[in-house]
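Below: one structure, written as structure tokens.
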Amino acid sequence: MTGKTSFDAIVVGGGLVGIAIAYGLSRQSLSVLVLDEGDIAFRASRGNFGLVWVQSKGVNMPAYAAWTRRSSDLWPDFAAELSEETGVTLHYSRKGGYHFCLTEEEFRQRDAMMQRLSDATGGAFTYSMLGRNALVDRFPEIGPDVVGASYSPHDAHVGSLQLFMGMHRGFHARGGTYRGGSAVADISRTGPDFAVTTRDGARFSAARLVLAAGNGTRALAPMVGLSAPVRPQKGQVLVTARTDPFLDVPTALLRQTGEGSVLIGDSKEETGFEDSTSPEVMRNLAARAVATFPRLAGLRAVRSWGALRVMTPDGHPVYAQSGEMPGAYVACLHSGVTLAAAHAGPMAEAIAAGTLPDNFQSFSPDRFGVQSH
Ligand SMILES: Cc1cc2nc3c(=O)[nH]c(=O)nc-3n(C[C@H](O)[C@H](O)[C@H](O)COP(=O)(O)OP(=O)(O)OC[C@H]3O[C@@H](n4cnc5c(N)ncnc54)[C@H](O)[C@@H]3O)c2cc1C
């Protein structure tokens, strides 16, 4: 670390959301410090599934549907530039994504939900519902219990650890300063600048402050007159041994990575700050995966983990600038992979200009009845 203590911007949290915004701010030629509690903290960024996922996002909030689609459209250029700049292979691929349905009832509900999303976006979200015959043509190995699927061309997937590493490298290459082991304990405002003090007593200042500390943001936001009503929500993931390529597109339940292993996992549990794995959930994941692609029954499971999502009460992001302390922002959300391109692009550009992207009022935490000032 350098001895520098004054920056154009400080980002609190070095997970996927914080580092994407920090990388974007450094692309705007700002001097940026990331203060990150580090690996001992709960980090959704190291345990996620790697989907750049549009279908199902924002059915009840058109602004979120539009923001997600914007990010998905920015992703191809973002991935190409990040790879070129850092030399990191992201394993990004956008051939659309599938949500397989194992019962007729599931298929009907999925169809209705896709239709609602299409209506909510004035038809900008495009999809198709595929019956079993169409699926068998596309995926000859599909299991006998699969009745159909929704398909959306907007969906993609990426190696999420490669993305995480790539953005950290890009940030560093552009002169950004990352300070690990630096839990922020206090924030105050002195003149035009925020003074940020870490638990170990180090003090830094900047005119712009972004709180993107995942589930840690809840405690920090009130220090700048904002609220971030997030809670942890556990997801478990099962990983198989590498196998020959058989699935070149992501699905909501499983995807084959660039290295050949299969990630399986879409569970959701309310367990507080507890991230262990459990045999029941693993059995359920494995059973549904095998029902979808019977060939998976022959593969060894080599790894599993639990990780904590950063969940708001309605599942949609919270983005806000403080009215009481302009220049301070919060960004907390699920879907940090999907939204990485938007965070490094339009979000960082807006924050560098002292604002938020247009039409962002819907993302304010005020919608939960907690007034931020
Ligand atoms: C099982 C699972 C599957 C997922 N799948 C997908 C997917 O397919 N696609 C997708 O888009 N998203 C997915 N996600 C969500 C995605 O991983 C998260 O949106 C993203 O990781 C959240 O990033 P974050 O930076 O907000 O939080 P985190 O990754 O939790 O990072 C927060 C950071 O803040 C730091 N911190 C906390 N408190 C402080 C403090 N006081 N001071 C300084 N630093 C602090 C922590 O050390 C940590 O590094 C998934 C998540 C899970 C758990």
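Looking across the stretch 26-65, the residues that are of a type in the set (Ser, Thr, Tyr) and more than 7 Å from the ligand (Cβ to nearest atom) come down to Ser26, Ser29, Ser31, Ser56, Tyr64.
Against the criterion of being in a strand (DSSP E or B), over 22 Å from the mean Cα position of the chain (by Cα), charged (D, E, K, R) and closer than 30 Å to Gly272 by Cβ, Asp186 qualifies. Name every residue in the stretch 191-201 that is outside any strand (DSSP E or B) and near the ligand (Cβ under 10 Å from one of its atoms), in order of residue number. The answer is Arg199, and nothing else. Every listed requirement among (1) polar (S, T, N, Q); (2) at pLDDT 95 or above; (3) not assigned by TED's automatic domain parsing to the domain that holds Ser29 is met by Ser322 save one, (3).
Only one of the listed residues (Ser45, Ser72, Ser26) is at pLDDT 95 or above and either closer than 24 Å to Thr251 by Cα or outside any helix (DSSP H, G or I) (or both). That residue is Ser72.
Quick one: which residue in Glu280, Glu324 is over 19 Å from Ile19 (Cα atoms), outside any loop (DSSP other than H, G, I, E, B) and more than 16 Å from the ligand (Cβ to nearest atom)? Every option except Glu280 fails the conditions.
Restricting attention to the stretch 202-246, which residues are of a type in the set (Gly, Ala, Ser) and within 14 Å of the ligand (Cβ to nearest atom)?
Ala202, Ala212, Ala213, Gly214, Gly216, Ala219, Ala221, Ala228, Gly235 - these are the residues of the stretch 202-246 that are of a type in the set (Gly, Ala, Ser) and within 14 Å of the ligand (Cβ to nearest atom).
Apart from one condition, Val88 fits all of (1) within 16 Å of the ligand (Cβ to nearest atom); (2) closer than 30 Å to Lys4 by Cβ; the exception is (1).
Take the conditions within 14 Å of the ligand (Cβ to nearest atom), buried (at least 20 other Cβ atoms within 10 Å of the Cβ) and either over 30 Å from Met113 (Cβ atoms) or charged (D, E, K, R) (or both) and apply them to Ser160. Does it pass? So Ser160 fails the test.
The values are calculated or read from the model by the stated rules, or taken from the named source; none is laboratory data. All values reported here derive from a predicted model rather than from experimental measurement. Every residue, glycine as well, gets a Cβ built from its backbone with ideal geometry; the counts of neighbours run over all protein chains shown.
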